[in-house]
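As structure tokens, the structure follows; a few thoughts come after it.
Read-outs throughout are calculated quantities, based only on the coordinates presented, and are distinct from any laboratory measurement. Quantities reported herein were computed from a predicted structural model and do not represent experimental measurements. Reconstructed Cβ throughout: ideal geometry from the backbone, glycine too, with neighbour counts over all protein chains shown.
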Amino acid sequence: MRVLKRVLCPQRVRRVPDQFSWVDHRLVRDKHIRGCGPEALALYLLLVTVGDSEGLSYYADTTVASLLSMDLQAVARARGKLVGAGLIAYQHPLYQVLSLPDRTQASAPMAPETDSRSGQLRSIAEVIASMGGTRP
């Protein structure tokens, strides 16, 4: 199956930071990794490593699980933590490592609206329906 790659969050396409490293030191300095846990951080490192210049990759969950010695549920939990922390966007089968926000953007949303269980992007209809207690 050929995957059509597309940027999931165009306003947060990652760029090489000034300190010349794909892993932005603000990840630690600004405490973006707080609460992620080792499995989520392992997934983040894998995604940074395998992502293209826009931070996009589409490794299958089974491949990710094998590479990181995790089961599929651990991969899903790790992905959910990274989405929740605003570090990645995910829409099956695409991952996008997001740029870290500037401190001046701290009040801006970190990532598109996602389902906390699956890490999947949610439509506006799904978000509105979940607020009213009904499903679309």
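What is the sum of charges around residue 53, taking Lys and Arg as +1, Asp and Glu as -1, for the other residues whose C-beta is under 12 Å from the C-beta of residue 53?
Numbers: positive: 5, 14, 15; negative: 52, 54.
Here the count lands on +1.
Each residue of segment 70-76 in turn: what ³J(HN,Hα) in whole Hz from Karplus with 6.51, -1.76, 1.60 and θ = phi - 60°, glycine and Pro shown as x?
Result, ordered by residue: 10, 8, 5, 5, 5, 4, 4 Hz.
Would segment 27-74 count as rounded, prolate or oblate if I go by the C-alpha gyration tensor, calling it rounded below 1.5 in a/c and otherwise prolate when a/b exceeds b/c, oblate otherwise?
Since a/c reaches 1.5 but b/c is at least a/b, the shape of segment 27-74 is classed as oblate.
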